[in-house]
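Visitor: Pasting a structure here, questions to come.
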Amino acid sequence: MSGTKKKRRLPAETFAPGIAILVLIFVVLLVKAANTRRIVIKNNTGQEIESIRLYFENMEENFYFLSEDLANTQIAAGANYYGKFDVQNYAQTPGYFLMIRVKFAGREEAETYAGYFTRTFTGKICLVFTEEENSIHMSVKAGDGLFQSTKYTDCDEVQELFE
């Protein structure tokens, strides 16, 4: 054997579990970031939303507050809105509602509330408007964390806005 040394290579199987774990952690962090302080509004109707306004409100006498607008925009028929909101730090217990004011073209403004938030909300709010015959339905969900839990929001419902 003349002075040649064989280089040893470590098999790829040695590093595969570690790389897989790092990729999984990266994906989890991306999903969490995508679900933080986000608002998604989908107008799956044939009518324009002339205005939609979202905000938090508590009407109890000793804890009254009205938050800044989380969203205040208009959305064309069949279009979507994607936005972010600032954390409302002063929105504390005993709890508060997500207030929704929406006006479709040719209709009166509807005001409704959804959920009951029991801690500072930093998750994702998703509203989907659909149309069946002459009725407009609104699906609203506000969830926290990786799996969009509604444990602290009690906000996962469908409402009929117009008949």
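The values are calculated or read from the model by the stated rules, or taken from the named source; none is laboratory data. Just so it is clear, the structure is predicted and the values come from calculations on it, not from any experiment. Glycine also receives a Cβ, built like all others from the backbone with ideal geometry; neighbour counts cover every protein chain displayed. SASA here: full protein model, heavy atoms, side chains in, ligands and nucleic acids out. Shrake-Rupley method; radii C 1.70, N 1.55, O 1.52, S 1.80 Å.
Visitor: Yes or no: segment 50-66 includes at least one residue that is part of a loop (DSSP other than H, G, I, E, B), in contact (Cβ under 8 Å) with a residue 24 or more places away in the chain and open to solvent by less than 60 Å² (accessible area, probe 1.4 Å).
Guide: There is no residue in segment 50-66 that is part of a loop (DSSP other than H, G, I, E, B), in contact (Cβ under 8 Å) with a residue 24 or more places away in the chain and open to solvent by less than 60 Å² (accessible area, probe 1.4 Å).
Visitor: Moving on to the next point. Please verify whether Tyr96 is over 15 Å from Asn44 (Cβ atoms), in contact (Cβ under 8 Å) with a residue 12 or more places away in the chain and hydroxyl-bearing (Ser, Thr, Tyr), treating the condition exactly as stated. Spell out the reasoning first.
Guide: On the way: over 15 Å from Asn44 (Cβ atoms): yes; in contact (Cβ under 8 Å) with a residue 12 or more places away in the chain: yes; hydroxyl-bearing (Ser, Thr, Tyr): yes.
In short, yes.
Visitor: Further question on the same structure: Hey, could you check segment 115-147 for residues that are open to solvent by 20 Å² or more (accessible area, probe 1.4 Å), part of a strand (DSSP E or B) and among the hydrophobic types (A, V, I, L, M, F, W, C) and say which is nearest to Gly83 (Cα to Cα)?
Guide: Cys126
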